[in-house]
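Structure first, then comments.
The values are calculated or read from the model by the stated rules, or taken from the named source; none is laboratory data. Keep in mind it's a predicted model, so treat the numbers as computed, not measured. Glycine gets a Cβ as well: all are built from the backbone with ideal geometry, and neighbour counts include every protein chain shown. Just the protein is used for accessible areas: all its heavy atoms, side chains included, with ligands, DNA and RNA removed. Shrake-Rupley method; radii C 1.70, N 1.55, O 1.52, S 1.80 Å.
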Amino acid sequence: MSPTQTSNDPTAKVPPRLVPRIELKGLTSDRASSRLLQDGPNATPDTSVHPLRNALAKFWAPVPWLLEASIALELVLHKYSEAAIIAGLLIFNAGLAYFQEGRAQATLAALKSRLALTASVERDGKWETIPATELVRGDLVKLSLGSVVAADVHLTDGSVLLDQSMLTGESLPIEAGPGTDTYAGALVKRGEATAEVTATGAKTKFGRTVELVRTAHVESSQEKAVLRIVRNLAIFNGIIILLIGAYAYAHAMPWSEITPLLLTSLLAAIPVALPATFTLAAALGARALAELGVLPTRLSAVDEAATIDVLCSDKTGTLTRNELSVTSVRPMPGFDEAHVLGFAALASSEGGQDSVDAAIRLASSKKPASDLPKLTAFVPFDPAKKTSEATGTDSTGGVRRIIKGAFTVVISLTAPSPTAARIADELEKQGFRVLAVAAGAPSSLQLIGLIALSDPPRKDSASLISELQTLGVRTVMVTGDAPATAAIVAHAVGLKGAICPPGPIPDRVAPKDYSVFAGILPEGKYNLVKAFQKNGHEVGMCGDGANDAPALRQAQIGIAVSTATDVAKSAAGVVLTTPGLEGIVAAIKEGRITFQRILTYTLNSVIKKIAQVLLLAIGLVMTGHAVLTPLLMVIIMITGDFLAMSLTTDRVRPSQNPNAWEIGKITTAGVVLGGFFLTYCTAILAVGKFELGLGIDALRTLSVVAIVYGSQATIYAIRERRHLWGLRPTIWLVLSSMADLLIISTLAIAGIAMAPLPIGVVAGELGAAIVFGLVLDGVKIPLFARLRIS
């Protein structure tokens with residue numbers, strides 16, 4: 001072991017004896033003011049968006065544009081009631097979206113809350129306390145117990161125990177002395193030191209993390225799905241609407257009829273409730289997850305959980321328990337484990353924040369030795385000596401001296417032991433932290449044993465990774481710890497692949513190439529997530545510290561474990577509130593249930609929108625008039641689109657593999673099944689026109705009833721990927737269907753807002769819809785199989 005290693009962390013370099021002390025003086029006030037103007041304050045910039053601007057943005061998207069255009073046309077036609085109804089639908093959609101966004105600003109606020117508010121600095125030859133925002137490069141600052149490091153600094157004097165885990169991912173505090181660099185946000189847990197400021201504000205390691213979180217963004221699959229569905233419908237139906245307008249104009253229809261016809265066509269093409277359905281389905285999924293101790297911080301994360309095929313898991317606090325424990329005790333000849341631990345416990349502080357001492361005392365309490373010396377004096381750990389020491393008296397009254405510390409230091413105080421050196425080397429190569437314990441007369445110490453410590457894996461980590469594998473999700477470990485330590489944990493939890501060599505992340509890296517990425521800094525984790533995404537993977541990222549925040553934000557779904565900081569929780573899409581990682585599996589399963597519900601609604605919406613616009617075209621040719629009016633179209637939107645949102649509560653079969661929004665396949669299925677829906681509606685219209693001899697007003701009622709009844713038949717045909725009788729629908733779906741059928745039937749028979757129809761005609765339409773549903777159920781099974789929609 002290197003002489004620069006400490007007893008608390010043998011891998012940490014501590015150079016107090018190697019780096020000469022450098023006498024530095026603080027800046028003058030004038031010099032500090034000059035640098036403050038040059039570099040700016042020691043703070044991250046405020047990039048928060050005004051709430052009003054955020055709210056207005058919800059009205060600037062494809063679906064709102066179509067609704068806003070419809071409102072304008074209704075106002076032009078003096079259809080104020082219809083305009084008000086559409087405006088209500090628009091506000092409903094925007095309101096749901098508004099309260100589920102803005103996570104990046106919450107992340108930045110949590111990050112800033114970790115910064116020290118004040119700092120002790122030498123200015124004009126004297127020490128004073130100033131706001132941390134006024135620190136500049138070259139300032140000489142004092143670090144003391146309990147303080148938070150306010151900027152990136154270079155230690156020039158003294159020694160401190162630093163907790164940098166929230167930035168670097170190091171699972172244990174490190175001893176730092178002259179020559180050591182540390183970062184803004186680190187916590188001083190012991191000692192006192194003087195340091196020179198090397199970077200402030202956005203240029204600090206902490207500031208770069210903030211900037212990564214601010215710029216990290218991946219468009220959710222929900223956003224992309226809605227945009228692509230609306231785009232495809234707009235292109236397809238837009239062409240049809242133009243043809244309808246051209247046909248009407250060519251046949252000399254008056255503008256008083258063409259304008260309502262075009263407005264009706266536009267309303268028929270809008271998937272008005274699609275964004276709201278995405279939101280509602282995710283909200284219900286989030287509520288189900290909350291009951292399992294999993295809290296989504298943004299609703300889109302519920303749907304995203306269904307799509308991930310790679311999980312990047314942090315090691316410390318995620319796969320491990322984030323608590324040091326004694327892994328192995330190697331007693332020397334003549335001693336046993338109980339006595340080695342007992343002597344080590346005597347040379348360990350009771351209480352305090354030293355995790356090494358706490359682990360040793362806990363292990364000793366489980367294996368008590370009966371004849372230990374009685375403690376008379378204790379000297380706490382000295383980072384300069386790299387040892388702690390105790391003095392006691394044995395049963396004969398003899399004085400016993402006990403030394404615990406770095407192996408190279410302790411062995412230098414005892415007789416050489418090649419066997420102990422070999423054992424220490426083996427343990428260190430396995431990634432353990434190794435301490436030596438010596439005891440005996442003050443002038444004649446004897447090595448009595450070695451103690452190896454590690455951060456053990458969680459008991460559920462291996463089973464979690466195995467279950468994720470069955471769900472089609474590959475797990476890789478991403479950690480800032482050394483490769484040797486990471487490899488031990490990876491093997492323990494069942495990650496048996498290769499370890500990525502240290503250095504920059506390869507551009508073409510794939511999850512199957514490596515199981516472990518060790519020695520990764522925050523930028524590296526962020527870049528790894530982006531590299532996986534660039535190669536077509538949907539990425540989930542687990543983490544617990546501020547160092548994980550950028551990657552958590554960039555991933556399709558960031559998962560903050562129960563021990564995570566507020567920083568990580570704000571950046572993540574999902575927060576686990578209970579120990580262990582079983583919540584990840586729950587999130588994936590619930591996400592896939594939510595995905596299936598949204599997929600059913602989306603398919604139903606695409607089928608209807610295509611069929612409705614084409615029905616207007618066919619009806620125009622068949623009757624010479626618009627077979628639907630704007631008011632009737634609004635009724636269809638309310639009874640059909642919004643009542644169909646009950647699909648978000650339906651029973652579904654989650655898929656066994658990651659889901660994906662394959663819009664091309666969804667559109668193809670929508671066109672094919674929409675063709676059958678159109679055939680059904682056209683047949684109804686033809687019977688009414690040519691067999692029953694109905695007038696245009698009655699034909700319009702006939703068309704409305706056909707669309708509503710056919711829509712209900714479509715829902716029950718496609719809600720199950722197998723035959724429609726496979727899964728029993730929920731009570732909410734059944735009640736909404738009954739309400740839909742009752743409302744439209746009552747309006748049609750009573751002649752409310754439309755021409756009346758005989759009850760026999762309405763009953764005949766209902767029978768035809770049942771037959772249509774059974775036909776559609778038979779068609780959809782081979783179609784879904786061919787398109788691999790599951």
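Summary of values
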| read-out | value |
| --- | --- |
| Mean-position separation - Cα centroids, the range 735-781 and the range 231-249, in angstrom | 27 |
| Protection proxy ranking, peptides 630-641, 296-307, 691-702, average beta carbon neighbours within 10 Å, highest first | 296-307, 630-641, 691-702 |
| Residue-by-residue Karplus 3J(HN,Hα) for the range 728-734, coefficients 6.51, -1.76, 1.60, Hz, glycine and proline x | 6, x, 6, 5, 5, 5, 4 |
| Protein accessible area in the chain, 1.4 Å probe - carbon and sulfur % | 61 |
| Per residue accessible area of the chain, 1.4 Å probe, in Å² | 41 |
| Selection of trypsin sites (Lys or Arg not before Pro), the range 399-464, meeting DSSP coil and at most 15 other Cβ within 10 Å | Lys459 |
| Binned Cα-Cα distance frequencies in the chain - 20 Å width, integer % | 15, 35, 26, 16, 7, 1, 0 |
| Long-range tail of P(r) for the range 513-642 (Cα pairs > 26 Å, %) | 48 |
| Leading residue at positive end of dipole, the chain (Cβ point charges), from Thr156, Pro782, Leu233 | Pro782 |
| Electrostatic dipole magnitude of the range 625-738 [Cβ: Lys, Arg +1; Asp, Glu -1; Cα centre; debye, to 20] | 380 |
| Furthest towards positive pole of dipole, Leu77, Gly497, Pro254, structure part the chain, Cβ charges | Gly497 |
| Summed side-chain charge close to Lys589 - residues other than Lys589 whose Cβ falls under 12 Å, Lys, Arg +1, Asp, Glu -1 | -1 |
| 14 Å beta-carbon shell around Ala683, net charge (K/R +1, D/E -1) | -1 |
| Vicinal HN-Hα couplings computed from phi for the range 390-401 (Karplus, 6.51 cos²θ - 1.76 cosθ + 1.60; Hz; Gly/Pro x) | 9, 10, x, 10, 8, 5, 8, x, x, 7, 10, 10 |
| Cα-centre dipole for the chain with unit charges at Cβ (Lys and Arg positive, Asp and Glu negative), debye to 20 | 1020 |
| Reachable lysines from Lys79, criterion Cα separation under 28 angstrom, eight or more residues apart if same chain | Lys58, Lys608, Lys609 |
| FRET efficiency, 1/(1 + (r/R0)^6) with R0 41 Å, evaluated for Trp725 and Ala462 via beta carbons | 0.50 |
| Structure-based [θ]222 nm, the chain - -39500 (n - 2.57) summed over DSSP H runs of at least 4, per residue, nearest 500 | -15500 deg cm²/dmol |
| Where trypsin sites (Lys or Arg not before Pro) fall in DSSP loop in the range 480-543, at most 14 other Cβ within 10 Å | Lys496, Arg508, Lys512 |
| The range 244-294: C-alpha gyration tensor shape, a/c 1.5 cut-off, then a/b vs b/c | prolate |
| Backbone HN-Hα couplings from phi across the range 493-507 [Karplus 6.51/-1.76/1.60, Hz, Gly and Pro as x] | 9, x, 8, 10, x, 6, 9, 5, x, x, x, x, 5, x, 5 |
| Signed unit charges on C-beta, dipole axis of the chain, positive-most listed residue Leu673, Ile752, Thr577 | Leu673 |
| Charge sum, other residues only, whose C-beta stays under 15 Å from Asp513's C-beta, Lys/Arg counted +1 and Asp/Glu -1 | +3 |
| Estimated dipole of the range 421-466 in Debye, rounded to 20 [Cβ of Lys and Arg +1, of Asp and Glu -1, Cα centre] | 60 |
